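Data first, discussion second: the structure below is written as structure tokens.
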Amino acid sequence: MNPAVVGAILGGLGVTFGAFGAHILKSKLAVDRLEIFETGVRYQLIHALALLAVAALLRQNPEAAGRPTWLFLCGTVVFSGTLYALALGAPKWLGAITPVGGLALIGGWIALAFAVRQS
């Protein structure tokens with residue numbers, strides 16, 4: 001999986017979701033729910049950029065990019081995805097899954113550190 005492609009897709013979707021939140025949800029959601037949605041967008045965009053860094057830093061060793069790429073992707077989908085769902089009215093128990101995504105994101109940063117060190 002190419003981390004630059006994944007990062008570009010997550011980045012494009014992050015901008016789309018951010019615009020959706022700012023222009024459509026702003027008048028429909030309570031402030032606390034909009035903040036939850038915006039947190040999801042922020043983390044998605046940060047990790048889209050992180051995936052571009054993975055691609056640049058590990059260009060000479062693409063197989064080393066696999067673990068951080070998967071962790072950033074899965075972490076973003078779970079972390080941001082559950083926040084989006086919660087903001088839009090999903091059951092509150094879904095919030096118990098959000099930290100799993102956060103752990104995957106942390107794992108992605110650790111995996112990136114190891115991969116860069118070994119490259």
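Can you say whether L52 is at pLDDT 95 or above, of a type in the set (A, V, I, L, M) and under 23 Å from A113 (Cβ atoms), as far as the supplied structure shows? Answer is yes for this residue. Any idea how many residues of the stretch 24-52 are within 26 Å of L71 (Cα to Cα) and small (G, A, S)? Residues that pass the stated criteria total 3. Residues of the stretch 75-115 that are surrounded by fewer than 17 Cβ atoms within 10 Å (Cβ to Cβ), small (G, A, S) and more than 11 Å from the chain's Cα centre (by Cα): G89, A90, G95, A96, A113.
Close contacts from the stretch 1-13, counting a first residue that is closer than 18 Å to E38 by Cβ and a second that is among the hydrophobic types (A, V, I, L, M, F, W, C), with Cβ to Cβ under 6 Å and a gap of 6+ residues or different chains, come to L10/A48; G11/A48. Taken over the stretch 1-37, the residue count meeting the criterion of being in contact with a Gly (Cβ under 8 Å, 6 or more places away or on another chain), in a helix (DSSP H, G or I) and either surrounded by 18 or more Cβ atoms within 10 Å (Cβ to Cβ) or modelled with pLDDT under 95 (or both) is 2.
The values are calculated or read from the model by the stated rules, or taken from the named source; none is laboratory data. Note that the structure is predicted; figures quoted are calculated from it, not measured. When we count neighbours, we look across all protein chains shown, and the Cβ atoms used for this are built from the backbone with ideal geometry, even at glycine.
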